[in-house]
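The values are calculated or read from the model by the stated rules, or taken from the named source; none is laboratory data. Owing to the predicted nature of the structure, the values given are computational and were not obtained by experimental measurement. Virtual Cβ from ideal backbone geometry, glycine too; neighbours counted across all protein chains shown. Heads up: the accessible areas ignore ligands, DNA and RNA and are worked out on the full protein's heavy atoms, side chains in. Shrake-Rupley method; radii C 1.70, N 1.55, O 1.52, S 1.80 Å.
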Amino acid sequence: MKSLRAHGWLFAALAAVSATACLQVPDAPKHECDSTADCDGAHGEVCESGTCWGNPPTEQFEYVVSPPAEHAELVPMELGSLEIGDDGRLQLIQLEQPVSLSGQLAVNCVPPMPCSVSRLQATVTVSRDSLFEGGPGFKAVADTTMTNDGAAFSVKVPPFSAGTGFTITIVPQPRTENDETSLAQVVPPLHQMVSSIADAQKAVTLGAIDLEHMEGTLLASSGSGLAGYRVVAMGHWAESTSPVEVSTVAFTGSDGAFRLFLSPDVTRPVIGSPSATVGVVTEIVAAPTDPMSVAPTLHLAIAPAATAIAGQTTLSQPANLGSAQPRTIHITGRDSGGNEKDIIGARVRVSATVATPEGGTAVFVSEANTDDSGMAMLSLLDGAIAQHYMLDVAPPASATVGAIYAQPYALDGDSKVQLPARVRLRGHAVDSSGEKLSGVAVTARPSYRFAWNLDPDAQTFLSNVPVSTAVTNDAGEYVVWVDPVIADVTGTYDLAFDPAQSSGVRVRAASYVQTDVAIGLSTANDSITVDDATFPSAAFVHGEVVDPVGNQVEGAEIKVFQLRTDLAAICSSSQHAPSPCPVQGRQVGRGVANSNGTVELTLPRQ
């Protein structure tokens, strides 16, 4: 029976792998054995219900067990290891009793600002780093509720572990509209660590009378106040975190004036100061509030100063922006026969970045999707900014035509844009005995090596280009289409193979990724034959998930992870790798519990 098996294993290609990219054993498997004699009994396999279970991998795995959404009383748990018997039986997995992080909120505003707690609405995010290296960690989001004692929150979290705590971020709402009743305009976000339940149950006060603040004026190029803008300070809670809003929000009136109160958990960068134990504010961003406005967003970086206390800040629009003009861009491409066709569903973006009088930037963006005629309808400014326009086009998913990035665009130029052809990657999926695997889903994702050699703007563009997918035919063959070059960087791709698409047939193969498939000097319309994706061997294992009192949990999900060891080398050889280099676990298995609480997994053997 071994020769009829497909084998494999999974690791993540470019960010977190979605659930659909990891194998869940189908409910109606192909009959594999009649007795244990048909299995690899010498290595512990046993025959149960027509399947050979056991002979598990010897590699170290970590596990995240998550309850289904309807079990709101349960929370995910992380396990550094699980015992797996030679017969493929997992140890009993019992979800832990969660604890509640809860608190009562108070507010404190600078007089004479109105600051009634009865007006407080907020979003509360609770997070924790993973208990094992490279794991996904924990995150839960909830809204505050109003009680007899005022605004409060309660979030169920896993039990506290020694040496770890949770981060709580409280962001007053609403923040995107000029609502005079919103405390988001007078109370900044709060970001704090709690290391025990006792810390979490204390009253939390938002705002203070001595908060650091930043104030200034938005000006039109004429020198008058710039109304109708939303102003906020951006920053980092910690060096390794992404930029977020770290202040109150302000909405400008006819005088263009604004005042922002910073979170107590950030500070302005100060010259000569050592690494701060709190976050840092990095820039002020002012964006038009009217979604129909044809105007740029203004950015002003916060340079390190001699003191954390700042004076007045001015942000001005550049001169001669011009007026809004409608512009239709027709996106076309060539099919495999060389015939021109309209490209439907492409994302078209025209942007420009120019300097402001204060040394900041004004960023103008207009974007739209092409309609059934391949037309994208944009509104563009016709002033001096038009000399700096760049065109980006992201094709629809699995298109045979490619992307355009940062191509100079003339407002009075040709309204028709033809997308380049992509490179065709062709190959086969086979098991370890060389048998072709049909019905395997194949996804081509840009590799880290590709992405991290692009500058940050190009990385963002690449991440928004839909991936190309295919399914292997009866001969195990697939074809996917990829861009050979983005921003003068030659593409390399990770090909992710998911046998879960073999409906009704249990394929002895875990998901598998063929990494860093190089395009080399290929050009558009080329066809590249990729080495066979040969799946390593895999083992079937199964176990039971129960709640804290022993009831089976239908719909519980197990994700299996293994630490990636290749990222450090990729970081060191890439021009724009993140710093610090990320540590990530790769997902190598997934299963969902049936009505009996039983989870079946396919795990890879290296």
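Residue-wise test of (1) at pLDDT below 95; (2) within 30 Å of the chain's Cα centre (by Cα); (3) farther than 20 Å from ASN596 by Cβ.
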| site | (1), (2), (3) |
| --- | --- |
| SER527 | yes, no, yes |
| THR534 | yes, yes, yes |
| ALA538 | yes, yes, yes |
| GLY543 | no, no, no |
| ASN551 | no, no, no |
| ALA556 | no, yes, no |
| VAL560 | yes, yes, yes |
| LEU563 | yes, yes, yes |
- Query: Condition test on ASP455, is it free of Cβ contacts under 8 Å to residues at least 60 places away in the same chain, surrounded by fewer than 22 Cβ atoms within 10 Å (Cβ to Cβ) and among the acidic types (Asp, Glu)?
  - Reply: no
- Does segment 360-367 include one or more residues that are over 15 Å from ALA319 (Cβ atoms), in a loop (DSSP other than H, G, I, E, B) and either among the acidic types (Asp, Glu) or open to solvent by 20 Å² or more (accessible area, probe 1.4 Å) (or both)? no
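Here is a yes/no grid of residues against (1) touching a Pro at 6+ places or on another chain (Cβ under 7 Å); (2) open to solvent by 60 Å² or more (accessible area, probe 1.4 Å); (3) closer than 24 Å to SER447 by Cβ; (4) in contact (Cβ under 8 Å) with a residue 60 or more places away in the chain:
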position: GLY520; (1), (2), (3), (4): no, no, yes, no
position: ALA533; (1), (2), (3), (4): no, no, yes, yes
position: PHE540; (1), (2), (3), (4): no, no, no, yes
position: PRO548; (1), (2), (3), (4): no, no, no, yes
position: VAL553; (1), (2), (3), (4): yes, no, no, yes
position: ILE558; (1), (2), (3), (4): no, no, no, yes
position: ASP566; (1), (2), (3), (4): no, no, yes, no
position: CYS571; (1), (2), (3), (4): no, no, yes, yes
position: GLN575; (1), (2), (3), (4): no, yes, yes, yes
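Yes or no, residue by residue, for (1) in contact (Cβ under 8 Å) with a residue 12 or more places away in the chain; (2) surrounded by fewer than 19 Cβ atoms within 10 Å (Cβ to Cβ); (3) assigned to a strand (DSSP E or B):
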{"residue": "ALA399", "(1), (2), (3)": "yes, no, no"}
{"residue": "ALA406", "(1), (2), (3)": "yes, yes, yes"}
{"residue": "ASP412", "(1), (2), (3)": "no, yes, no"}
{"residue": "ARG426", "(1), (2), (3)": "yes, yes, yes"}
{"residue": "ALA429", "(1), (2), (3)": "yes, no, yes"}
{"residue": "SER432", "(1), (2), (3)": "yes, no, no"}
{"residue": "GLY439", "(1), (2), (3)": "yes, no, no"}
{"residue": "VAL442", "(1), (2), (3)": "yes, no, yes"}
{"residue": "ARG445", "(1), (2), (3)": "yes, no, yes"}
- Message: Just to check your reading of the model, which residue among GLY413, GLY434 is of a type outside the set (A, V, I, L, M, F, W, C) and closer than 30 Å to THR529 by Cα?
- Response: GLY434
- Considering only residues of segment 593-606 that are buried (at least 19 other Cβ atoms within 10 Å of the Cβ) and β-branched (Val, Ile, Thr), which is nearest to LEU95 (Cα to Cα)? VAL599
- Could you figure out which of (1) buried (at least 17 other Cβ atoms within 10 Å of the Cβ); (2) more than 22 Å from GLU133 (Cβ to Cβ) isn't true of VAL99? (1)
